[in-house]
Amino acid sequence: MKRIVTLQDISCIGRCSTTVALPVISAMGVECGILPTAVLSTHTMFQHFTSKDISDQIEPISEVWEKEKITFDGIYTGYLASKEQCGQIVDFFERFGNDRNVILADPAMADNGKLYPGFEEDFPAAMAKVCAKADIILPNITEACLLTGMEYRTAYDESYITELLKRLLELGCHTAVLTGVSYEEDKLGFAYLDRDGNTGSYFTRECPVSYHGTGDLYASAAVGGIMRGLDLKDALALAADFVVACIEATDQSREARWYGVEFESQIPVLCSMLEKRMNP
């Protein structure tokens, strides 16, 4: 069984970050270790929340893992709490990354044209250093613009997305994936480009509602698919289809909560999707 470690916060309530990654990746048949970067009472879209940076635990935990000769097939980062923590994550990549594993960075810091609450304007520069060391990065369009300095647009064409992907590769990663891409009404998906010139995209139906945490859900399912042997495009498409299933199930639920999607009920659907893609 493959083993990954995810480095991101724990939002105690909120259906995001580690509370999404751990169950989703585990259900896909991959051991999921965790290294929490912060503990939040709730995610930052709640009116009130507490946040405790636990950067001081990254080094001692890493030391123990080195002494125990623990290795990982994949390293997956999400929400990071501070600029200083970004530097620690780069150091972690140096210690545990190698040519046999995959580093995937989801620069979870912004959406809809602006940074999440709690981040200063110079935070994207620190996150760019994390992305530079990753094999695969998964920003949305807002995050990509903050990382590259390109103008954020809500109306765009394929040439804009292509240029944004090229700028992302200039950060240093091998593969850049842009999420939340749409060229036509009612269609939403992703586009990617790698250093070998491979490019592709995939679009599914756009849901009329949106929920916080779907980016975390998407990245987690993609990591799980990659670890189970799917090629990149297949893993990303699986993740996109799963997120749509979760949004639609939540929208139809009488017990839906505003702060996140009911992904739990769709875990069997995810496992079925994975099985079909692994055994077409």
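Assorted remarks:
- Selection status of residue 114, among the basic types (Lys, Arg) and within 18 Å of the chain's Cα centre (by Cα): yes
- Boolean, residue 75 is surrounded by fewer than 16 Cβ atoms within 10 Å (Cβ to Cβ), of a type in the set (Val, Ile, Thr) and on the phi < 0 side of the Ramachandran plot: no
- Members of segment 27-71 that are surrounded by fewer than 14 Cβ atoms within 10 Å (Cβ to Cβ), within 30 Å of residue 250 (Cβ to Cβ) and of a type in the set (Ser, Thr, Tyr): 50
- Of the criteria (1) touching a Lys or Arg at 6+ places or on another chain (Cβ under 7 Å); (2) free of Cβ contacts under 8 Å to residues at least 24 places away in the same chain, which one residue 234 fails: (2)
- Residue-level analysis places residue 151 among those that are part of a loop (DSSP other than H, G, I, E, B), at pLDDT 95 or above, farther than 20 Å from residue 232 by Cα and out of contact with any strand residue (DSSP E or B) (no Cβ under 6 Å at 6 or more places or on another chain).
- Exclusive hit being in contact with a Ser or Thr (Cβ under 7 Å, 6 or more places away or on another chain), more than 17 Å from residue 176 (Cβ to Cβ) and among the small types (Gly, Ala, Ser), set 74, 97, 113: 113
- Among residues of segment 191-204 that are within 9 Å of residue 176 (Cβ to Cβ), none has a Cβ under 8 angstrom from a residue that is exposed (fewer than 12 other Cβ atoms within 10 Å of the Cβ) and at pLDDT below 95 at a sequence gap of 6+ or on a separate chain.
- Of all residues in segment 106-131, exactly one satisfies the criterion of being of a type in the set (Gly, Ala, Ser), within 26 Å of residue 231 (Cα to Cα) and crowded, with 22+ Cβ neighbours inside 10 Å, namely 108.
- Residue that is surrounded by the most Cβ atoms within 10 Å (Cβ to Cβ) [pool: residues in segment 143-157 that are free of Cβ contacts under 8 Å to residues at least 40 places away in the same chain and touching a Pro at 6+ places or on another chain (Cβ under 8 Å)]: 143
- Residues of segment 241-272 that turn out to be over 14 Å from residue 213 (Cβ atoms) and touching a Phe, Trp or Tyr at 6+ places or on another chain (Cβ under 6 Å), as a count: 1
- Any pair with Cβ under 7 angstrom, 6 or more apart, that starts in segment 158-175 at a residue that is touching a residue at least 12 places away in the same chain (Cβ under 8 Å) and ends at one that is in a helix (DSSP H, G or I) and among the hydroxyl-bearing types (Ser, Thr, Tyr): 164/148; 167/148; 168/148
- Residue count for segment 9-18, restricted to those that are at negative phi and crowded, with 21+ Cβ neighbours inside 10 Å: 4
- Criterion violated by residue 5 - all others in (1) over 15 Å from the mean Cα position of the chain (by Cα); (2) in contact (Cβ under 8 Å) with a residue 40 or more places away in the chain satisfied: (1)
- For segment 132-142, the set of residues classified as surrounded by fewer than 23 Cβ atoms within 10 Å (Cβ to Cβ), in a helix (DSSP H, G or I) and not small (Gly, Ala, Ser) consists of 142 only.
- Pairs with Cβ under 7 Å, 6+ apart, first in segment 244-255 and in contact (Cβ under 8 Å) with a residue 24 or more places away in the chain, second polar (S, T, N, Q) and crowded, with 18+ Cβ neighbours inside 10 Å: 245/266; 246/266; 247/214
- Hits in segment 123-138 (condition: under 19 Å from residue 74 (Cβ atoms) and not basic (Lys, Arg)): 130, 131, 132, 134, 135, 136, 137, 138
The values are calculated or read from the model by the stated rules, or taken from the named source; none is laboratory data. Not measured: the values here are computed from a predicted model. Every residue, glycine among them, receives a Cβ derived from its backbone with ideal geometry; neighbour counts consider all protein chains shown.
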